[in-house]
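> Submitted below is the structure of interest, expressed as structure tokens.
The values are calculated or read from the model by the stated rules, or taken from the named source; none is laboratory data. Because the structure is predicted, anything quoted here is derived from the model rather than measured. Virtual Cβ from ideal backbone geometry, glycine too; neighbours counted across all protein chains shown.
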Amino acid sequence: MAAVDINWQAQRDVLSSNRYMFENHVACDVTFFIGKQRQKVTAHKYVLISRSSVFYAMLCGLLQETGPVNIPDIEPEVFEQFLRYVYFEAFEPDDDSIMALLYAAKKYAVETLVDKCVSWLKEGISVDNVCSILQQAHAFDEQNLQKKCLEFIMDNGSSVLKHSSFRNLSSECVEIVISQDELFMKEEEIYEATKDWAGNECARKSIQPSAENMRQVMGGLKDLIRFSVMDGKYFTDIVAGDNILSNKEKVSLFRHFYSSSNLGNTNIQKRRVRKLSFQEKQRVVRFPNSSVVLSNESVLQAIDFKCSNEVLLHGIVIYEAIPRIPVTSGSDLSNRHSSVIVPSTVVQLLDESNRTIVSMERQIRLTGEALLDVLLDEPVVLKKMWYTITLFIPSAVTTRSGVSGEKVVNMGDGQSIEFRDSSLSASSTNVLSGQIPGLLLSRKR
């Protein structure tokens, strides 16, 4: 014991008195053996039980310790940092100790120290440490810290998932990350990162990284990868050759990529695209003006379009079409919108090989607005290629027809949509006039 000033209490407040007693081991009445090396540390019951319900139960409860207390899961340096906070609220963490200090604070229910550790970690999140912080946040059920980690990963997805620390995450944390719609990276990169994780998991379990073993360790993670939004050539050349997917899954996806009928879709094709890589949706309208026209027959409306950059298609914009319902004497046409539904409007999206990407039926309730948005069930990523939108309203209607159509419509940020006449159109819909006045799109960030 260091020499003790006989009047050390004079002019000291409570915290500085606690500090003096701690650093000089004055009147200690409890002994700990800390870490694997069982380093001896002495302390004061009064201080410990005044700051921690766990220590109170340990030292004063019905099952209290009667001799030295062994704490093998905390290293001496970290336990000293912990005690320094307990005694006089010193908070002096570093990158090497912060996780262990958080563990000690959680273990002994010192919530004010937990809060300080969490705040310190939030401020210092980086590509190098976010995975380890996420793992600890998940283990300790620190929801706010986990949310902060995920926000960082969503904005820095490619850098984080390519970092070696991603391979050390638990399967639960990998699932949390790759299930996020907001993950800002290509699906091909997510697949590669998950595959690397599975290889590392095989090594950890001392098994060969064969296709079957990789599939086994991936488990449900495989189903979170959105293969249908990948580039078809990448899927064919890389994913199919890895043999992690079953033959049934591969056949289903080959049909998705290459079959004009788009048969055999399974849930694996219906994964949502990642959202954060795109901006808010906007209407892209190709007609500055329109006029009312009468249609006496049901015909297919169609228009081709091509995006200058990859975009996200949320839906199409159509002109309101009012069924030709007889009007009784004295009826008010302006009030007919609220009760009229256009029957079974059919919308299809085809790629440049006329393969069906989306096919859906909608019953559209009229709103009185000239332009109506028809949303897809899920947004679709469009590449830099020609697509065709078709629209079929199986009834005679009164509608509008766009005039003075623009061949190229600017979306902003140098991105544009080009339109051309479609060979599938059986109506007057073309670049210059007709139906399908616009698209609902999001640009890439």
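> Could you please find all residues in the stretch 403-420 being part of a strand (DSSP E or B), out of contact with any Asp or Glu (no Cβ under 7 Å at 6 or more places or on another chain) and loosely packed, with under 15 Cβ neighbours inside 10 Å?
The answer is Val403, Asn410, Gly412.
> Just give me the residues in the stretch 37-64 being of a type outside the set (Lys, Arg) and in contact with a strand residue (DSSP E or B) (Cβ under 8 Å, 6 or more places away or on another chain), in sequence order.
Gln39, Val41, Thr42, Ala43, His44, Leu48, Met58, Leu59
> OK, next. I'd like to know if the stretch 86-98 contains one or more residues that are outside any loop (DSSP other than H, G, I, E, B), within 29 Å of Leu121 (Cα to Cα) and either among the small types (Gly, Ala, Ser) or out of contact with any Ser or Thr (no Cβ under 9 Å at 6 or more places or on another chain) (or both).
yes
> Kindly provide the set of residues from the stretch 161-175 that are charged (D, E, K, R) and over 19 Å from Glu188 (Cα atoms), ordered by number.
Passing the criteria: only Glu172.
> Would you please name the residue that is nearest to Val380 (Cα to Cα), looking only at residues in the stretch 163-194 that are acidic (Asp, Glu) and free of Cβ contacts under 8 Å to residues at least 40 places away in the same chain?
Glu189
> Would you check if Ser126 is modelled with pLDDT under 95, under 16 Å from Ala193 (Cβ atoms), out of contact with any Ser or Thr (no Cβ under 6 Å at 6 or more places or on another chain) and among the hydroxyl-bearing types (Ser, Thr, Tyr)?
For Ser126, the condition - modelled with pLDDT under 95, under 16 Å from Ala193 (Cβ atoms), out of contact with any Ser or Thr (no Cβ under 6 Å at 6 or more places or on another chain) and among the hydroxyl-bearing types (Ser, Thr, Tyr) - is not met.
> Restricted to the stretch 262-307, and to residues that are hydrophobic (A, V, I, L, M, F, W, C) and exposed (fewer than 14 other Cβ atoms within 10 Å of the Cβ), which residue is modelled with the lowest pLDDT?
Among those that are hydrophobic (A, V, I, L, M, F, W, C) and exposed (fewer than 14 other Cβ atoms within 10 Å of the Cβ), it is Leu263.
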